[in-house]
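One structure below.
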Amino acid sequence: MTESLRRGAADGAAQAGEQSSRPVAAITGGGSGIGAATARELSSRGYHVVITDLDESACVRVADELQHAEASQLDVTDPQAVTAIAESVHRRLGRLDVWVSNAGISHMAPFTEVTLEELRRTLAVNLEAVFWCGQAAARVMRRSGRGGTIINTASMAGKQGRVPFLSDYVASKFGVVGLTQAMAYELAGDGIRVNSVCPGYVATPMQERELAWEGALRGVPTDEVQALWVADTPMRRLETPEDVARVIAFLAGPDAGFITGEAIAVNGGAFMD
Ligand SMILES: NC(=O)c1ccc[n+]([C@@H]2O[C@H](COP(=O)([O-])OP(=O)(O)OC[C@H]3O[C@@H](n4cnc5c(N)ncnc54)[C@H](O)[C@@H]3O)[C@@H](O)[C@H]2O)c1
């Protein structure tokens, strides 16, 4: 248990079974980029946020910025650990209102060069883990009888494969969009809404890595790659993590109360479907 988790648990909802007065949202991959922005956005809207990440120090740092926040190390590819977090949140805080499956990875390679190990790793983190997390969250939400909301971070690359050097990533994100629909269909009767967000070119550490890879693979400087991505975006700027976080918060809240099974594009017009 981290210092932040103790602090979060101490500020109003420490007792097992005692219901948090605030809605509770859990986020995976919350230590960086879109996940960290989502934790901040949901916190500013009054949620108690449970920030999880493979990188413990990263999620602790984000939780330490916020009130009513706790951090916990979590590898989303471990179904038992995922279940343990969902159950522990519900046991300690008495509710789990929102689950954001956001953790994801990417790497770039020409389609014919992707190894079996790389393919399996991408699918394990980006798709299978969304399955495990959704199951764990939905079981708790169903048992509570009060419904809930699940949001999966897919991608613009979950709607179009016209993306260079990301074939395994594209396969995983198309999978997330389909899985989101199947979950939404089965869970609607339990009052659980499930949607995904499809961001475009978001300025995060993942993007920094992709700029370097694509530059190397194309043999062009990274600022040229970045200029291409901006030119590909009709709104003519890179997307910010906050652009995505605000849409996740909208999907989590009552204004989206009759939206389920959707894959919401948040990309400045870079791909319209
Ligand atoms: N940045 C973009 O342009 C972009 C565009 C579309 C979709 N996305 C998606 O948004 C999500 C967040 O991406 P980001 O850009 O903020 O990336 P990021 O690399 O900044 O953050 C991802 C976080 O996920 C964590 N993570 C990785 N593997 C994990 C695992 N096995 N278990 C738990 N946590 C793990 C990392 O430690 C990191 O903190 C990902 O699903 C990504 O595919 C990003």
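Each value in this text was obtained by applying a stated rule to the coordinates, not by laboratory testing. Here the structure is a predicted model, which is why all the values come from computation and not from measurement. Neighbour counts run over all protein chains shown; Cβ positions are idealised from the backbone, glycine included.
Brief remarks follow.
- Of all residues in the stretch 191-215, those that are more than 24 Å from residue 123 (Cα to Cα) and surrounded by fewer than 16 Cβ atoms within 10 Å (Cβ to Cβ) total 1.
- Comparison of 271, 174 shows that the only residue that is within 16 Å of the ligand (Cβ to nearest atom) and in a loop (DSSP other than H, G, I, E, B) is 271.
- Residue pairs meeting the criteria (Cβ under 9 Å; at least 6 apart or on separate chains; first closer than 13 Å to residue 54 by Cβ, in the stretch 76-94; second of a type in the set (Phe, Trp, Tyr) and within 13 Å of the ligand (Cβ to nearest atom)): 76/132; 77/132; 78/132; 82/132
- Residues of the stretch 227-249 that are crowded, with 18+ Cβ neighbours inside 10 Å, part of a helix (DSSP H, G or I) and free of Cβ contacts under 8 Å to residues at least 60 places away in the same chain: 229, 243, 247.
- Residue satisfying all of: in the stretch 177-200; of a type in the set (Gly, Ala, Ser) and in contact with a strand residue (DSSP E or B) (Cβ under 8 Å, 6 or more places away or on another chain); nearest to the ligand (Cβ to nearest atom) among these: 200
- Set 66, 42: member being touching a residue at least 12 places away in the same chain (Cβ under 8 Å) and either touching a Pro at 6+ places or on another chain (Cβ under 7 Å) or buried (at least 24 other Cβ atoms within 10 Å of the Cβ) (or both): 42
- Residue check, residue 54 surrounded by 20 or more Cβ atoms within 10 Å (Cβ to Cβ) and either within 26 Å of residue 119 (Cα to Cα) or of a type outside the set (Lys, Arg) (or both): no
- When the stretch 84-121 is filtered for residues that are among the hydrophobic types (A, V, I, L, M, F, W, C), touching a helix residue (DSSP H, G or I) at 6+ places or on another chain (Cβ under 7 Å) and within 29 Å of residue 47 (Cα to Cα), the ones remaining, listed by number, are 86, 96, 98, 99, 100, 103, 105.
- Of the listed requirements (1) in a helix (DSSP H, G or I); (2) in contact (Cβ under 8 Å) with a residue 60 or more places away in the chain, residue 195 misses just one: (1).
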